[in-house]
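First comes the structure, then the notes that go with it.
The values are calculated or read from the model by the stated rules, or taken from the named source; none is laboratory data. Just so it is clear, the model here is predicted, and its values are computed rather than measured. Reconstructed Cβ throughout: ideal geometry from the backbone, glycine too, with neighbour counts over all protein chains shown. Accessible surface is based on the protein model in full, side chains and every heavy atom, while ligands, DNA and RNA are left aside. Shrake-Rupley method; radii C 1.70, N 1.55, O 1.52, S 1.80 Å.
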Amino acid sequence: MDKSSLKIRYADKDDISDIAGLHLLTLEELAGIAPAGYGDSLKHCLPTAEEFEKLFTSELEDERSVLVIAEIDGILAGFAFGFLEKHSDDLIEAPYLSIVYLETAKEFRKRGVGRALLKEMERLARERGIKTIDLQVWLTNKPAMRLSVEAGYQPLEMRMGKRV
């Protein structure tokens with residue numbers, strides 16, 4: 001990919017429909033790699049694109065939210081969404097940036113989009129005086145695991161589940 005064609009910027013209201021559409025496609029894809037016995041809501045009762053549009057629109061208005069997009073030749077290639085956490089937890093002191101979604105459109109994968117979005121989130125965190133970023137990655141999402149590890153992230157805990 002010609003790096004000059006990749007542009008990362010803050011999302012605005014005109015991007016919301018495309019972000020919601022990509023998010024819906026990503027969740028449908030994740031349903032296929034959910035750990036056995038989990039992810040039923042992804043398989044059977046996903047919100048609509050309109051509901052995701054409302055969600056991301058409200059996040060644009062929240063001062064704690066960070067929503068950036070990656071474009072290639074004016075086309076949405078991916079987005080990252082996170083929020084500034086103001087409360088410490090057992091492992092991380094506040095404030096910290098919690099990345100909730102980092103998604104790349106299928107046709108733009110393996111072109112550095114996810115890496116560029118992650119770097120931008122890190123830059124924005126540093127700009128705000130944030131020293132720590134938190135993100136969650138499914139163990140079954142191998143590309144996301146690889147990206148996170150290559151970018152220097154390390155496991156801090158493991159979420160465990162058991163169907164009873």
Could you list, in sequence order, all residues of the range 25-61 that are of a type in the set (Asp, Glu) and open to solvent by 50 Å² or more (accessible area, probe 1.4 Å)?
Glu28, Glu29, Asp40, Glu50, Glu51, Glu53, Glu61
By residue number, the members of the range 90-132 that are of a type in the set (Asp, Glu), exposed (fewer than 12 other Cβ atoms within 10 Å of the Cβ) and under 16 Å from Thr26 (Cα atoms) are Glu107
Take the range 40-67 and flag every residue that is assigned to a helix (DSSP H, G or I) and either closer than 23 Å to Ile130 by Cβ or aliphatic (A, V, I, L, M) (or both).
Leu42, Ala49, Leu55, Phe56, Ser58, Glu59, Leu60
Of Tyr101, Tyr153, which residue is assigned to a loop (DSSP other than H, G, I, E, B) and hydroxyl-bearing (Ser, Thr, Tyr)?
Tyr153
